[in-house]
Amino acid sequence: MNRNPRGPDDRRRNPLGNLQRPGCSIWQVVFWIALILLVAPLLAGLFGTSGVTIDYSTFKDEVRAGNVERVTVTGQQIDGTLSEPRETSAPGQEAAITYTDFTTYIPAFGDEDLLPLLEEQNVVVQSQPDTGFPWGTLLITAIPTLLMLGLGYLFLRRMSSGGEGVLSMRKSGAELYNRRQEQTTFEDVAGAHGAKGELREVVEFLKNPQRFQRLGGEMPKGLLLVGPPGTGKTLLARAVAGEASVPFFHITGSNFMEMFVGVGASRVRDLFKAAKEASPSIIFIDELDSVGRRRGAGLGGGHDEREQTLNQLLSELDGFKPSTDVIVMAATNRPDILDPALLRPGRFDRRVTVDLPSLRDRVDILHIHARGKPLSDEVDLERVARGTPGFSGADLENLLNEAALLAARRDVDAIERQDIESARDKVLMGLERENVVMTEEETSTLAYHEAGHALLAAILPHADPIHKVTIVPRGRAMGVTQQMPRQERYIYPREYMLDRLSVMMGGRAAENLVFDTPTSGAADDLKQATQMARTMVLQWGMSEQFGFISLGGDQQEVFLGEQIAQRREYSEQTAREADQEIKMILQEAYNNALNLLRENRKQLDDLADALQEFEEIPGERVAEIIGVQAKAIDPL
Ligand code: ADP
Ligand code: ZN
Ligand code: MG
């Protein structure tokens, strides 16, 4: 039930990939030279000989017969002209050719009799030095070399990331954007108001540095965009490139690292050098964490190449004269693993947080990505935004794309509400599982379980309104009661938490009430509820016994090498008491749920029946079935 909606973790994509400029490499030149070398001798062979090639003995016979007018001797080759035309009579050749011009070759062992014979027959003899280019020799030596070079090139290209060869001409691996190439503007970014404001200032500064410098103001040199994946950090950087009228160097952290040791550091050097030459300019390092990870951390020793690269980066950041108008921007979703040296004053000291979009921002983002997608009139993007708390901008874009695909599959003209609804379920919970065959008993248990959640969500005053209830199996979930926040919440009052816990317990309570036996279906509910109760007790000071003490360590992930195990800062005794307290909160929530279900047994049965019949019921209908007022949603 009520799963916290969140898109797939980290979808790395490179929206800039399609803007890569074609690198003209020396290898293209080599390729053409090779081609010419290969073809030239063939052409030379075609045009270099004149007439028909005949046997040497035939030639001599013709000389003896006095039928040869003139010959030109080039090395071993003899080209000549007959006085009377002859016909070829080679065996196996069907049509005979009549010829006067011919070519033949003196045998390698030489023919001392030839010259006297020619003189005797008064043949005009021309001789020219054998200046012919030794194509044959060249071919024999060149082909293997070229083959090896070619293979080596292909190999290197495959090894180096991003399709950009180690030997390519842009050594820094950075893409240079100019204004005309980049179409993105701040208009394309919804929400992220703080970040946009900060970045607008940067753009203003670069357009007109004097205005700021006149008052002694200095722009920060390093600006770090921090936020969860898919919140538009890369997009914002592209917007800066689109808005600023200065060169914009864009590189992804992992591009510094290549197969050769030392490449990373030299790339950093090249990048900063180029940016300084082009100043005023902007450098943008995306996914900074891939180079900027804390040094010396991680099990199994440091990564030398990465450390060298990072050191180079640090020294370049320090190396700016205050007068250089180069601004370094970077983006990361893991600021916690960055090397502290990167965050020191004078380096990336200005941190701009890009958060998950709020409800209002989600509406705006949906409007941006709905451009060019025909929506049917019944689609209410505000409602979609309400149903997608925790979605990032990228998730929302993905949602609309999925919906468009689904609509196309159904062959309708516009995206309808049901397409968006299915797309949302798919993004949230995974694909529908069609091969699940349940017994009648299982279906009934499932229906009561979800009906239990739904009934409580509908009648508990502080619980969030129901979006829909379904017993269609999807992904890992067999059924879901989806709620949507009545309003954007930033703080959670205790009553809200307690009602929420009761709703979570509603599934198990219904099972026990109706079938008198618990099932495994509540595993996820219990896990979430326990987690929540633990947070309430240990961190939020919401239990009577523990009062205001905060016992929980921060909930940050544990990174290898930094913290092998999470420390516990309280005694065994306290731990035991905390567990007791958590258990009590859960028990109370369960009792509350069970009592309410018992009191409303008829409504529970009705809801479960309806679920078995329709499999999926929208929130308003749930309220109708149990005869309560549907919960109002606070207006935007
Ligand atoms: P990040 O770099 O933070 O991981 P991206 O900038 O790559 O995220 O975002 C991926 C895509 O999601 C963007 O190309 C854009 O289409 C969409 N997106 C994300 N945030 C927003 C936003 N605030 N407004 C509009 N579109 C957004
Ligand atoms: Zn449940
Ligand atoms: Mg990004």
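The values are calculated or read from the model by the stated rules, or taken from the named source; none is laboratory data. In this text the structure is predicted, and so the values were computed from the model without any measurement. Ideal geometry is used to build each Cβ from the backbone, glycine not excepted, and the neighbour counts take in all protein chains shown. Calculation scope for accessible area: heavy atoms of the full protein, side chains included, ligands and nucleic acids excluded. Shrake-Rupley method; radii C 1.70, N 1.55, O 1.52, S 1.80 Å.
For the range 283-303, which positions are among the hydrophobic types (A, V, I, L, M, F, W, C) and either at pLDDT 85 or above or open to solvent by less than 40 Å² (accessible area, probe 1.4 Å) (or both)?
Ile283, Phe284, Ile285, Leu288, Val291, Ala297
Please go through the range 582-605 and give me each residue that is crowded, with 19+ Cβ neighbours inside 10 Å and farther than 17 Å from Met505 by Cα, ordered by number.
Gln603
If Glu488 satisfies all but one of (1) in contact with a Ser or Thr (Cβ under 9 Å, 6 or more places away or on another chain); (2) among the charged types (D, E, K, R); (3) within 13 Å of ligand 2 (Cβ to nearest atom), what's the number of the condition it fails?
With (1) in contact with a Ser or Thr (Cβ under 9 Å, 6 or more places away or on another chain); (2) among the charged types (D, E, K, R); (3) within 13 Å of ligand 2 (Cβ to nearest atom) applied to Glu488, the lone miss is (3).
Residues of the range 423-461 being β-branched (Val, Ile, Thr) and touching a residue at least 60 places away in the same chain (Cβ under 8 Å), which ones?
Residues satisfying the conditions are Val427, Thr443, Thr445, Ile459.
Within the bounds of the range 500-518, is there any residue that is within 14 Å of ligand 2 (Cβ to nearest atom), assigned to a loop (DSSP other than H, G, I, E, B) and free of Cβ contacts under 8 Å to residues at least 60 places away in the same chain?
Yes, some residue in the range 500-518 is within 14 Å of ligand 2 (Cβ to nearest atom), assigned to a loop (DSSP other than H, G, I, E, B) and free of Cβ contacts under 8 Å to residues at least 60 places away in the same chain.
Determine which member of the set Ala608, Ala623, Ala630 is surrounded by fewer than 16 Cβ atoms within 10 Å (Cβ to Cβ), in contact (Cβ under 8 Å) with a residue 40 or more places away in the chain and farther than 30 Å from Leu538 by Cα.
That would be Ala630, the only listed residue that is surrounded by fewer than 16 Cβ atoms within 10 Å (Cβ to Cβ), in contact (Cβ under 8 Å) with a residue 40 or more places away in the chain and farther than 30 Å from Leu538 by Cα.
Checking Gln418 against (1) assigned by TED's automatic domain parsing to the domain that holds Asp606; (2) of a type outside the set (A, V, I, L, M, F, W, C); (3) open to solvent by 10 Å² or more (accessible area, probe 1.4 Å); (4) not in a loop (DSSP other than H, G, I, E, B), which single condition isn't satisfied?
(1)
Of the residues that sit in the range 471-499 and are touching a residue at least 40 places away in the same chain (Cβ under 8 Å) and of a type in the set (A, V, I, L, M, F, W, C), which one is surrounded by the most Cβ atoms within 10 Å (Cβ to Cβ)?
Ile471
For the range 105-128, name all the residues that are in contact with a strand residue (DSSP E or B) (Cβ under 8 Å, 6 or more places away or on another chain) and over 18 Å from Ile54 (Cβ atoms).
Those that are in contact with a strand residue (DSSP E or B) (Cβ under 8 Å, 6 or more places away or on another chain) and over 18 Å from Ile54 (Cβ atoms): Leu115, Glu119, Val124, Gln126, Ser127, Gln128.
Any residue at all in the range 461-470 that's closer than 28 Å to Ala423 by Cβ, within 13 Å of ligand 2 (Cβ to nearest atom), in contact with an Asp or Glu (Cβ under 8 Å, 6 or more places away or on another chain) and open to solvent by less than 30 Å² (accessible area, probe 1.4 Å)?
yes
Please tell me if Leu338 is touching a residue at least 24 places away in the same chain (Cβ under 8 Å), of a type outside the set (Ser, Thr, Tyr), more than 30 Å from Glu402 (Cβ to Cβ) and in contact with a Leu (Cβ under 9 Å, 6 or more places away or on another chain).
So Leu338 passes the test.
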